[in-house]
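Here is the structure we will look at, set down as structure tokens.
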Amino acid sequence: MAFTYREYTQDPLTVPELRDVLGRLGLGVRDVLRKRDAAKAGIPSSASDEELLAAMAVHPRMLQRPIGLLDGRAELGRPPENLLRLLEPAP
């Protein structure tokens, strides 16, 4: 299957894009947060969801990855086999 890879460190997702992806995933900000990377970036664990979204746009390594997007759906690739769900017919 052909795909497009987005180099997230060179072209980070914007806050609106992050909101869209979270909506497609059906997950909250903390569900996709890499806590260790947030701590390295100096983001306090008490940060609000909005603060975390803004920080993820600046520090993209804070975001769990990979994330696959297809036809309005998304899957978090942890474990990588989850991405295969995108190839199944939409419910």
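A few comments on the model shown:
- Backbone HN-Hα couplings from phi across region 20-36 [Karplus 6.51/-1.76/1.60, Hz, Gly and Pro as x]: 4, 5, 4, x, 5, 6, x, 10, x, 4, 5, 5, 10, 7, 8, 4, 4
- Ranking SER45, ALA74, MET56 by how far each Cα lies toward the positive end of the dipole of the chain (charges on Cβ) leaves SER45 at the top.
- In region 15-87, the inverse of the mean reciprocal separation of distinct Cα atoms equals 12.5 Å; this is its Kirkwood hydrodynamic radius.
- Rounded to the nearest whole Hz, the Karplus-based 3J(HN,Hα) values (6.51 cos²θ - 1.76 cosθ + 1.60, θ = phi - 60°) of region 64-69 follow the sequence 4, 8, x, 10, x, 10, with x at glycine and proline.
- Straightening the chain between GLN64 and ARG24 buys 12.9 nm, computed as 0.36 nm per residue apart minus the Cα-Cα spacing.
- Label point at ASP49 placed 7 Å out along Cα→Cβ; residues across region 1-43 whose backbone nitrogen lies under 17 Å: 15-34
- With R₀ set to 30 Å, the beta-carbon distance separating THR9 from ASP71 gives a calculated FRET efficiency near 0.70.
No lab work stands behind these numbers, since they all come straight from the coordinates. What you are looking at is a predicted structure, and each value in this text was computed from that prediction instead of being measured. Cβ sites come from the backbone with ideal geometry, for glycine too, and all protein chains shown count toward neighbours.
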